Amino acid sequence: MKGYGIDLYWLPLGAGGHFVRLNGRVYEAIKAWRGRRRACDLYHSALHVYVPEGRFVIETAWPIPDADPASRGVVAQGPVLSRRVARLRMLRYEVRRWREGVILDIAEAVASPLRLSDDPDLASRVLDLAPEVPVPVWGRDELGTGDMWNSNSVISWLLARSGIPMEAIRPPAGGRAPGWDAGLVVARR
């Protein structure tokens, strides 16, 4: 594709695996029960960013599949569960800015892609900011935002910091994106 653009994808949590899907459903059932509301579908977000040099995938993945981060455009890594165990690759996550990369579960995306911008400055800014994304402990509220940090936090932080209007961006109807608000709160600081 020629030109510029930023496309957001909403991927059902655990689309590629039963373990993540089951844990997500249990997590959401508990959150819904505590909040006295109906359980929602959970979503993970990822981006395609188009610039004249090519298409880039920006997403967060855990666990790290191998010891070759350059092959996936990794620009940052952070701990999962605890900083004490982050030496182990299986307990770290990675933020990818992957040229011509692949979003494995893209065929299962819902209400996607959502074109966020055609502005060349915004597309470039998203790519430039990726190495600066905060990498607190995944699944915890280490930054005191009231929401856990995860893949959605990374995407919302990048979009907000680059100047994308965030007010109208919402997960698909009947869904939630845990961690999204954490990224917005940190981006405003």
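Just so you know, all these numbers are worked out from the coordinates, no wet-lab data involved. Note that the coordinates shown come from a computational prediction; the quantities given were computed from them, not determined experimentally. Using ideal geometry, Cβ is built from the backbone for each residue, glycine included, and neighbour counts are taken over all protein chains shown.
Brief remarks on what is shown
- For the chain, the membrane-span-like helices by this rule, meaning whole DSSP H stretches whose C-alpha atoms cover at least 24 Å of axis and whose Kyte-Doolittle mean is -1.0 or above, are 18-35; this says nothing about an actual membrane.
- Each label point was placed 7 Å from the Cα along the Cα-to-Cβ direction; for ALA111 and ALA168 their separation is 1.3 nm.
- Shown here for region 72-168: GluC sites (Glu not before Pro) in loop regions (DSSP other than H, G, I, E, B) with at most 10 other Cβ atoms within 10 Å, namely GLU100, GLU167.
- Here region 119-189 is treated with +1 on each Lys and Arg Cβ and -1 on each Asp and Glu Cβ, and its dipole about the Cα centre works out to around 140 debye.
- Peptides 60-69, 118-127 ranked from most to least packed, by the mean per-residue count of other Cβ atoms within 10 Å: 118-127, 60-69.
- For the chain, convex hull of alpha carbons as volume per residue, Å³: 119
- Taking region 5-188 and dividing mean pair separation by its residue count, relative contact order in percent (alpha carbons under 8 Å, at least six apart): 26
- For TYR93, residues with placed amide H under 5 Å, excluding near neighbours: GLY78, VAL80
- When VAL110, VAL85 are arranged by Cβ crowding within 10 Å, least crowded first, meaning fewest neighbours, the order is VAL85, VAL110.
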